[in-house]
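Participant: Below you will find the structure I want to go over with you.
The values are calculated or read from the model by the stated rules, or taken from the named source; none is laboratory data. Keep in mind it's a predicted model, so treat the numbers as computed, not measured. Because the Cβ atoms are built from the backbone with ideal geometry, glycine has one as well, and the counts that use them run over all protein chains shown.
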Amino acid sequence: MPKQKYHKYVFDEKTRKFIGDFETMYREEDRQGYDSWFQEDLTCLSKRVSSLIVNQHKFKSILDIGCGKGVFTNTLKKAGNAVVGIDISRTAIIKAKARYRSSKFFVSDIEPVLNRRKMWDLVVMMDLLSYIKSWKNVLAAASRRAQYLYISLWLPQRPRGFVKSLDELRLQVERYFDIETLLLWNHDHIFILAKNKKEV
């Protein structure tokens, strides 16, 4: 993937170290004229594949972690289900709330939400885990709160993020979930739908 304007807020190009200034990234979108992670483009293949995989089931309660501006979150909303999106960026959540009123959006880190007693039919993690140092702990926490887990992740040959390989990711998911769908697209985009090994 060619360098995008928003990349400088995510990783240092020279040192390859994680920056994670997502608030500034979302604040600067309109001024600098970019769309972080191409969230607005629901026609891109990765989002269409994600929709096809998730829509194999009818989930009544869905938590979208790292929902950004809520564009994909909104596609998860169906008649009779409840969808909640969380993100650490206040700007992203303000944008999501302004556009999509049928879902609920909150500014939150991951741990507080997954440590509540609330159970979810599906927890979604779209392009998220590479930006979380403790991603293995996040998967463990999700296993206590989710019947199903959906992961979409871009993983280039030389990953800058915290997830380093498909094998590493698969092994961690399989500690808690049975994988129903695993697709690798274009050698670098991973799609996983998995069911909890335990009833939650």
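Participant: Name the pairs: first residue in segment 19-44 and under 20 Å from Asn74 (Cα atoms) and in contact (Cβ under 8 Å) with a residue 40 or more places away in the chain, second residue in a loop (DSSP other than H, G, I, E, B) and not aromatic (Phe, Trp, Tyr), Cβ to Cβ under 6 Å, at least 6 apart or on different chains?
Facilitator: Final answer for the pair search is Tyr26/Ser89; Trp37/Asp127.
Participant: Which one of Asp87, Asp178, Asp167 is acidic (Asp, Glu) and under 24 Å from Asp41 (Cβ atoms)?
Facilitator: Values: Asp178 fails: under 24 Å from Asp41 (Cβ atoms); Asp167 fails: under 24 Å from Asp41 (Cβ atoms).
On inspection, the qualifying residue turns out to be Asp87.
Participant: Mind counting the residues in segment 36-73 that are over 22 Å from Ala141 (Cβ atoms), more than 16 Å from the chain's Cα centre (by Cα) and charged (D, E, K, R)?
Facilitator: Looking only at that region, the number is 1.
Participant: Any idea which residue in segment 45-59 is nearest to Glu180 (Cα to Cα), counting only those that are of a type in the set (S, T, N, Q) and buried (at least 18 other Cβ atoms within 10 Å of the Cβ)? Give the steps one after another, and end with the answer.
Facilitator: Step one: of segment 45-59, the residues of a type in the set (S, T, N, Q) are 46, 50-51, 55-56.
Checking which are buried (at least 18 other Cβ atoms within 10 Å of the Cβ) leaves us with 46, 50.
Values: Ser46: 18, Ser50: 14 Å.
My answer is Ser50.
Participant: Which numbered condition trips up Tyr34, out of (1) touching a helix residue (DSSP H, G or I) at 6+ places or on another chain (Cβ under 6 Å); (2) crowded, with 18+ Cβ neighbours inside 10 Å; (3) of a type outside the set (Gly, Ala, Ser)?
Facilitator: If we test Tyr34 against (1) touching a helix residue (DSSP H, G or I) at 6+ places or on another chain (Cβ under 6 Å); (2) crowded, with 18+ Cβ neighbours inside 10 Å; (3) of a type outside the set (Gly, Ala, Ser), just (2) comes out false.
Participant: Okay, next question. With respect to the numbered conditions (1) touching a residue at least 40 places away in the same chain (Cβ under 8 Å); (2) at positive phi; (3) not small (Gly, Ala, Ser), which one is the sole condition not fulfilled by His189?
Facilitator: (2)
Participant: Another question, then. Can you confirm whether Lys104 is modelled with pLDDT of 95 or more and over 23 Å from Ala194 (Cα atoms)? Working first, answer last.
Facilitator: Values: modelled with pLDDT of 95 or more: yes; over 23 Å from Ala194 (Cα atoms): yes.
Yes: the conditions hold for Lys104.
Here is a yes/no grid of residues against (1) at negative phi; (2) part of a loop (DSSP other than H, G, I, E, B); (3) not charged (D, E, K, R):
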residue	(1), (2), (3)
Asn74	yes, no, yes
Ala79	yes, yes, yes
Val84	yes, no, yes
Ile93	yes, no, yes
Ala96	yes, no, yes
Phe105	yes, no, yes
Val113	yes, no, yes
Asp121	yes, no, no
Met125	yes, no, yes
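Participant: Oh, and also: What do you reckon, is Arg99 touching a Gly at 6+ places or on another chain (Cβ under 7 Å), over 25 Å from Leu193 (Cβ atoms) and of a type outside the set (Gly, Ala, Ser)? Break it down stepwise before answering.
Facilitator: Numbers: touching a Gly at 6+ places or on another chain (Cβ under 7 Å): yes; over 25 Å from Leu193 (Cβ atoms): yes; of a type outside the set (Gly, Ala, Ser): yes.
Criteria met by Arg99.
Participant: Follow-up. Are any of the residues in segment 19-39 farther than 25 Å from Leu149 by Cβ and of a type in the set (Gly, Ala, Ser)?
Facilitator: yes
Participant: Going through segment 140-161 one residue at a time, which ones are surrounded by 19 or more Cβ atoms within 10 Å (Cβ to Cβ), within 16 Å of Ile190 (Cα to Cα) and among the hydrophobic types (A, V, I, L, M, F, W, C)?
Facilitator: Leu149, Ile151, Leu153, Leu155
Participant: Given the structure, is Ser130 surrounded by fewer than 22 Cβ atoms within 10 Å (Cβ to Cβ), at pLDDT below 95 and within 21 Å of Asp188 (Cβ to Cβ)?
Facilitator: Working: surrounded by fewer than 22 Cβ atoms within 10 Å (Cβ to Cβ): yes; at pLDDT below 95: yes; within 21 Å of Asp188 (Cβ to Cβ): yes.
It is true that Ser130 is surrounded by fewer than 22 Cβ atoms within 10 Å (Cβ to Cβ), at pLDDT below 95 and within 21 Å of Asp188 (Cβ to Cβ).
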